[in-house]
1. Under a Cβ-Cβ cut-off of 15 Å, what is the net charge of the residues other than Thr205 that fall near it, where Lys and Arg count +1 and Asp and Glu count -1?
2. Which whole-number percentage describes the relative contact order of the range 176-245, with Cα contacts under 8 Å and a sequence gap of 6 or more?
3. In nanometres, what is the gap between the two model label sites at Thr243 and Arg161, each 7 Å from Cα along Cα-to-Cβ?
4. So, R0 is 51 Å and r is the distance between the beta-carbons of Leu173 and Phe278; what FRET efficiency does that work out to, to 0.05?
5. Test of understanding: what is the full-extension gain from Val45 to Asn17, defined as 0.36 nm times their sequence separation minus their Cα-Cα distance?
6. Tell me which chymotrypsin sites (Phe, Trp or Tyr not before Pro) from the range 238-282 have a DSSP coil assignment and no more than 15 other beta carbons within 10 Å of their own.
7. Specify whether the C-alpha gyration tensor of the range 3-272 places it in the rounded, prolate or oblate class, a ≥ b ≥ c being the square roots of the eigenvalues: rounded for a/c under 1.5, otherwise prolate if a/b is larger than b/c and oblate if not.
8. Tally Lys/Arg at +1 and Asp/Glu at -1 over every other residue whose Cβ is under 15 Å from the Cβ of Trp259; what's the total?
Amino acid sequence: MNNEKYIEARLPRQRRNINWGTGTFLVIAHAAAIAALFFWSWPAVISAVVLYWVAGSLGIGMGFHRLITHRGYKVPKLVEYFLVTCGMLAIEGGPIQWVTTHRIHHAHTDQTGDPHTPRDGGWWAHVGWILRGTAHIHNRATLERYTPDLIKDRYYILLDRFYYVPLIILAVLLLGFGGWGVMLWGIFLRVTLGLHATWLVNSATHMWGKRRFNTGEDSRNSWWVALISFGEGWHNNHHAHPTSARHGLRWYEIDFNWWGIRTLQFLGLARAIKRVRFNRATSAWQLVRGRRSQKIRQEMAAKA
Ligand SMILES: [Zn+2]
Ligand SMILES: [Zn+2]
């Protein structure tokens, strides 16, 4: 691989021109989100809440992040495609580009090369990197290095190319069946809040919160980011054990995405689930997978 090309593509502080298309969309989305407040109705609120969960939890948290980025659990291919398609409604780009950015973040967390570290400034980590960074524009060499598993998938290639289409189709449907209020709430207000929730995982949870694990970077656990992002705020736990499908490790660490994955498991749709458990014998959190976790549970029960 041409390493120079790769470095050129990943340097976050490399000043590119502003992504005007993205910038314009974000300004319009914020303005329309405020306008939505004047079109309040129960159907509008309910559509926004349901879609916030579909896009944010099923799509980004369970699909983009815990399934196809980190492979914390396995599902049938059709279920995987369903979850990833839900993620398209968050309008955070196509799955290949999204996963590439996030795997680079894990490979270079808070170091040179991290696409969105608050060490380059809180604003940069939150949204600056979207406007001027390498979001959605990784070159071929970078994709081959970070997402060799996804770049062969024709459906994901299609989603990457036409990442805005599912949201446009949904917007037309909401406008047709629900009217302006439902569309403004279900698309613009919901998308804007969802984007900030994801961005806070990049900014706030690398600045504020507690650390359970000494991970050698700045990741933190933030209960309030977890609440608005369906559990993604337990970010220090996640950086310590990236492949764990469970991020909130204690019962009080609310992790909706984990409950969603458990629900898939009860439905017989999720298996080979990786998770972190506290091993009393070694006094350490350790990653277990599938049946082994049951075995450890039994052993712990026998000891207790
Ligand atoms: Zn992080
Ligand atoms: Zn991750």
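Derivation of every value follows stated rules applied to the coordinates shown; laboratory data play no part. Keep in mind that this is a model prediction, so the values were computed, not measured. Note that we place each Cβ from the backbone using ideal geometry, even for glycine, and neighbour counts take in every protein chain shown.
1. Spelling it out: positives minus negatives among the neighbours equals -2.
2. 25 percent
3. The answer from the label model is 3.3 nm.
4. 0.65
5. Working it through step by step, the gained length comes to 6.4 nm.
6. Listed in order of number, the matching sites are Trp251, Tyr252.
7. The shape class here is rounded.
8. Summing Lys and Arg as +1 and Asp and Glu as -1 gives +2.
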